[in-house]
Each structure stands twice: as C-alpha cells, then as structure tokens.
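Please treat every number below as a calculation from the coordinates, not as lab data. None of these values were measured; they are calculated from a predicted model. All Cβ positions, glycine included, derive from the backbone under ideal geometry; neighbour counts span all protein chains shown.
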Amino acid sequence: MELLVTMIVNLLASDGALLGAGIAALTGLGAGIGMGIATGKAVEATARQPEAVGKIRTMLLLGLAFAETTAIYGLLVSILLIFVAV
Amino acid sequence: MQNLGSQQMAVDFSHLAEKIFPNIEPGEHVIEWGWFVVNDSVFSGFIVVAVLLLVALILRLTVIRHWKTTPTPIQMFLEWLVCFFDKSADEMTEKYSGLMGPYTFGAAAYICCGVLIELFGLRPAIADLGACIALALCTFFFIHALGFAKNKARRLLHYLNPINIVTDLAVPVSMTFRLFGSILSGMVIMDMIYLLVEGVLFTVVPIVLPAILTPLFTLFHALIQSYVFASLTLTFVQEAIESPPKKIKQKKRRAKSLLAAENATAAEA
C-alpha cells in the first residue's frame, strides 16, 4: 500500500504535468461537439431558407468563435504545462 | 543495415520551448540597441506597423488621388475592403459607425498582417501577450466609453447587477486569450512541423507537408481571427449602446422629441 502511494506521488511529481496536459487537451471534445452541432444547424437553416445565407454565416462564425475559445484555452493550458511546468 | 524506425523518430524537440517562450532563456530572442530593448514579437510588430503605414501612404498618393468613375481593380478592392467594415459597423452601431468602422478595420489589418509576417520567418507580432492585451483593452475602452456616451447616467443602472460587472471584466480576458491562444497554437504547430521536416529525411515530406499546412495554420488563422475580433468588438459595442428598457411615459416623451427633431429637419430641408 505504502509502495503504491509512493509510486503515485512520484508519478505525479515527475509526469503529473504531462498527464495534466493530456487531460487539458480533452477540452477539444466539448468544443468539437458544439461546433459540429452549430454547423449542422446552420446547414439546416440554409437549406430551409437559402436567401438568409449571409446572416446565417455571420452568426455561425460568431458562435464558432465562442465555441472555439474553450478548445483554445485547453490547448494553451496544455502547451504551458508541457513547456513551462516541466 | 540502418534502423529506419529509430531514424524516423529521432526528432529533436528540445529547442521548441525556447522558440515558443523566449523569456525562458534571456538574451537570445531579445533585440537590444542601447537602452532600447524589445522582444522578438514587438520588433515584428514595429515592422508590421511601418509596412501598414507605408502601404496606406502609397495607396493614398497613387490610387486615391486618381479616383475614377470606372474603377480599376485596386480601387474596387479598396472599396470592397472599406465598405465591408463600414457596412457591418453601420448595421451594429448606428450612430458611432464613423468611429467603430475605422477602428475595427485598423485592428483587423494589424492582426492579419501581424500573423502573416510569420510567412517571412519572423515571430508573429500577435504571439505576444502584450499585443493581445493592448488590443483587448482598446475594445474594452470603446465598449464602456460608447456605452456612457450613448446612455449617459442610465448606464450606471447596468452595473447594479454584480453579474454584469463580472461579465464585463471577463470580456478583455477572453478576447486576449482567444487571440493569443489561437495564434500561438498555430505558431507552435508550424514550428513542430518544421522540426519534424528537419528530422525526417524522406524527400516528399519536406516539400509537401509545409506547403499544405502553412495555409491551414497561418492564413486561415490570420483571416478568421481578425474577422472574429472585429465582429466581436462590434457585437459588444452594440450590446453596450442599446438603451435599457424605460417606462412608457419617458418613451412617449422621447418619441415626441424625436418627432419634433424630424419635423425640424424636414422643415430645414
């Protein structure tokens, strides 16, 4: 038991930052799902009303920018963990 | 016989950290002229500003001086570019479009060119936290100055709700990190690809891979991030300058005064 605890502590002390970087990159999951839903809805809206494509595109890009932000945060955190924390 | 597998994996990533965060190793990525000490990206920012000013001056002296009714291609491009920002500013911020149109155009031009300078081998000007914070604070200033200019003291009601204050303070932070993160990640990926290309000795990969990936991570990022920055600025300003809901009495008086003003202008005309 004690050996296991020391192993875990050693792991967290040495490779914890890299592990964290891997976990932080999982933000891409949520952002990907959100952006996919947004794009699918935009396609549906364009198919239903092709003349509103300009407005739909503007709104879609804004929404994608907001959704992309979370993924970028995750990426930034993992880059910082890899190159600065170690 | 040589072990090909080990040769493929022998890519040295140790210089990457130094390239990405140059402050780790002081002295290498800092430019010094006497008392004038700047970062790598600040230096490329100066280059970008100088180039933009020079191009603007040249266009002012050549194309705009000889403005024609049958437009040349450059004139059409300039008109499209200016109209694109002016129109979207007109739609979002009716009264202040004269201020917001040029500001968004300038910010977008700086961001776009500051990223595209990466194609010349310099560090992008936006891959520095200071540049992103400066741009985001300009937007923050515009949001609140125009909000107060439009709604006067009624704007203070907006701050009674503490959640609104938190939301307002989050705006510059999120704009800063959106810009910084996306540009930095594009730069990191391109640097990694270049290191990979140096390490891998196959003939096809070095030519094809950067040629495909450079437009993806540099050009698209430049255009999309500048567009997103401009449209987000306009959206936040529009949110700030829309008048809060009022009582019916005040609305009537407002409508009356508006009517009177319209009548006066009509009479003048």
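Quick notes
- Fewest neighbouring Cβ atoms within 10 Å first, the residues B:Thr176, A:Thr39, B:Thr233 line up as A:Thr39, B:Thr176, B:Thr233.
- Using a Gaussian network model of chain A in which every pair of alpha carbons under 10 angstrom is joined by a spring, one finds that among A:Leu76, A:Leu12, A:Leu64 the greatest mean-square fluctuation is at A:Leu12.
- Likely footprinting exposure, B:His144, B:His66, fewest C-beta neighbours within 10 Å first: B:His66, B:His144
- Binning the C-alpha pair distances of chain A at 10 Å intervals from 0 yields a P(r) profile of 17, 29, 21, 16, 10, 5, 1 %, listed from the shortest bin outward.
- Shape call, segment B:36-189: gyration tensor on alpha carbons, a/c limit 1.5: oblate
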